[in-house]
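For reference, the structure discussed in these notes is given below.
The values are calculated or read from the model by the stated rules, or taken from the named source; none is laboratory data. Just so we're clear, the structure is a prediction, and the values are computed from it rather than from any experiment. Every residue, glycine as well, gets a Cβ built from its backbone with ideal geometry; the counts of neighbours run over all protein chains shown. Note: areas computed on protein heavy atoms with side chains; ligands, DNA, RNA excluded. Shrake-Rupley method; radii C 1.70, N 1.55, O 1.52, S 1.80 Å.
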Amino acid sequence: AASQAAAGARGRSERPQSAAASRIIGISLQEAQQILNVSNLNPEEIQKNYDHLFRVNDKSVGGSFYLQSKVVRAKERLDEELRIQARDEKEKGWKAET
């Protein structure tokens, strides 16, 4: 019950598209930012941290496949949020022109 309440609260605090992305990918925006250690959505910083964490968690160098998969999911979630923001900015631009 507590898990469901937390998921519901998380969904209410996010924009509809963002909440949908969280449900589809299975990870919240906040959790993705924590995993990749980024406080803002800077694509270069996200990619740099992703590359590093993916490499150090590679199973061939003694890393954890589980952690590596969490890093991949976090990157997917942040990439989706960047796409949502870009689409919102584009829509705002179109509305401002009219």
As straight-line cross-link partners of K59, the qualifying lysines (C-alpha separation under 27 Å, not fewer than 8 residues apart within one chain) are K48, K70, K75
Taking a crude spin-label model, label points 7 Å out from Cα along the C-beta direction, the K59 to N40 distance in nm is 3.8
Extension length gain for Q30 and V72 (0.36 nm per residue less Cα distance), in nm, is 13.6 nm
Of Y50, Y66, ordered by accessible area with the largest first and a 1.4 Å probe, the sequence is Y66, Y50
The ³J(HN,Hα) series, computed from each phi in the range 67-84 with the Karplus coefficients 6.51, -1.76 and 1.60 at θ = phi - 60°, rounded to the nearest Hz and given as x for glycine or proline, is 5, 4, 5, 5, 5, 4, 5, 4, 5, 4, 5, 5, 4, 5, 5, 5, 5, 4
With +1 on the Cβ of every Lys and Arg and -1 on the Cβ of every Asp and Glu, the dipole magnitude of the range 15-97 about its Cα centre, in debye rounded to the nearest 20, is 220
